Amino acid sequence: MDSYLVQQQLKYKSTEWAIWYCFINFDRLYGLCKHLIYNLRECYFVDVYIDMNSILNSIFINKSRIVDYNAMTSAFINLAIHYKDFFKTKLNINARVFLVYSNNFPSRPRELITEYNYTNYLKYANNAEYVDLINHNCELLGLICKYIDNVYFIYDENQETAVLIKEIISDQYKYRVNAVGKYSVKNGFYPNIVITKDLYDYQLVSSDGYTFIIRPRKTDGEDKSWCVTKNNIYKAIKKELGSSMNNVPEYYELVSSGLLPMFFSIAGLKSRNIKSIHTYNKTIDIIATAIRNNTILNEYNTDPEYCIDTLSELSPKIAENRDLIIQRYNAIDLVQNHALYNMTPSAVNLRSSIVDLISPMSLRRINEQFFKMNPIELNKL
């Protein structure tokens with residue numbers, strides 16, 4: 001058999017295959033990004049965030065084979081290089097790439113909802129071999145990324161990945177000056193693109209005017225990845241769940257992305273073991289009705305209890321589950337969780353991960369020593 005086919009089959013069965021799956025081809029990426037990065041003449045930088053947890057979840061599901069204990073590290077670095085190369089060669093934009101990892105078992109949400117993300121917790125608890133593999137590669141990434149220009153590894157076990165990403169997005173100037181002070185950012189404009197397969201992360205889209213999600217998806221060998229913006233966020237959720245996009249009600253476009261934690265609190269969020277109280281369509285219909293009646297603001301609500309009480313007038317089920325929905329909201333809400341994280345020592349220490357100790361010689365030695373089977377593509381840096 002052709003050696004290339006053998007290699008591809010090996011990667012399909014191995015742990016790093018889950019990472020290679022997220023290499024969106026340049027033509028598809030260009031079609032997605034040209035609409036996101038509108039006004040290219042004023043766009044000099046882009047920050048790309050790769051949610052490692054959402055990618056690695058599939059190795060537990062598929063019982064992937066461990067072939068090369070270090071291959072996960074080189075695959076993630078090559079994924080970062082892939083996106084840097086795309087933005088530079090296709091759009092002439094400098095990209096920083098953040099490889100962000102957490103196991104998504106934060107303590108506060110689990111105190112509010114005991115079953116929070118329990119299914120994934122069991123995956124980690126019952127698969128010590130995979131957990132050891134991930135921890136080993138996280139250590140390698142922490143060591144190596146410091147030597148790669150504008151590629152950073154961010155790690156915190158006790159947070160949602162999206163919280164770590166939001167911390168950097170919320171004060172980009174601080175984090176950019178720390179890492180790449182040699183660059184100037186005209187008008188403070190540059191977009192954030194999050195590569196993820198996790199619905200929880202969709203809350204990041206409402207973080208500011210320039211944050212988008214690209215969801216990698218390949219079906220039958222065809223790249224069907226899509227982008228998520230403020231305008232299509234609820235349709236994208238239906239698409240993620242495999243629902244038909246035909247005859248999607250118009251009110252899906254009415255509801256603000258800022259209401260997403262309220263939506264998840266009622267409609268459910270399977271990836272965090274939160275069951276539905278109403279179907280997705282019914283939940284959107286209720287929220288849209290309240291917006292049309294001018295009884296709730298069509299934006300992020302700083303008083304969720306008032307919002308839930310208002311929605312209760314439109315649904316006996318919401319009224320019956322009022323206290324549960326409030327608990328869910330407080331557990332899910334990215335804004336609250338980020339505000340709490342921002343007061344911890346971990347948030348202060350996060351900046352220490354964003355440094356550039358550029359050393360091509362050290363990087364070549366590391367590549368030759370640790371990644372002979374799956375080398376880092378240094379020629380593209």
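See the values below:
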read-out	value
Longest segment of the chain lacking trypsin sites (Lys or Arg not before Pro) that sit in a DSSP loop with at most 11 other Cβ atoms within 10 Å	64-181
For Val48, residues with placed amide H under 5 Å, excluding near neighbours	Arg96, Val97, Phe98, Ile193
Dimensions (Å) - the range 244-342, Cα atoms, principal axes, largest first	41, 29, 25
Folded to 0 to 90 degrees: helix 71-91 orientation relative to the chain principal axis, Cα	80
Footprinting exposure proxy for Met262, Met343 (fewest neighbouring C-beta atoms within 10 Å first)	Met343, Met262
Amide hydrogen neighbours beyond the local backbone of Lys218, cut-off 5 Å, H modeled	Lys224
Residue among Asn342, Asn78, Asn103 with the largest mean-square fluctuation in a Gaussian network model of the chain, springs linking Cα atoms under 10 Å	Asn342
Per-residue Cβ neighbour rank within 10 angstrom, fewest leading, Val348, Val163	Val348, Val163
Mean residue ellipticity (222 nm) of the chain, computed from DSSP H runs ≥ 4 via -39,500 (n - 2.57), nearest 500	-14500 deg cm²/dmol
FRET efficiency for Asp149 and Glu305, using Cβ-Cβ distance with R0 set to 35 Å, rounded to 0.05	0.15
Whole-Å distance, taken between Cα centres, linking the range 82-160 and the range 193-263	21
For the chain, built as a Gaussian network whose Cα springs stay under 10 Å, the top-fluctuating residue of Ala95, Ala339, Ala331	Ala339
Surrounding net charge for Leu140, when Lys and Arg each add one and Asp and Glu each subtract one, Cβ distance under 15 Å	-2
Full-extension gain in nm, Lys317 to Lys88, via 0.36 nm per residue minus C-alpha separation	77.3 nm
Residue range of the chain that is longest and free of chymotrypsin sites (Phe, Trp or Tyr not before Pro) which are both DSSP loop and sparsely packed (at most 15 other C-beta within 10 Å)	190-381
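Read the figures in this text as sums done on the coordinates, not as results from a lab. Given the structure is predicted, the values throughout are model-derived calculations rather than measurements. Heads up, the Cβs are rebuilt from the backbone with ideal geometry, glycines too, and the neighbour counts pull from every protein chain shown.
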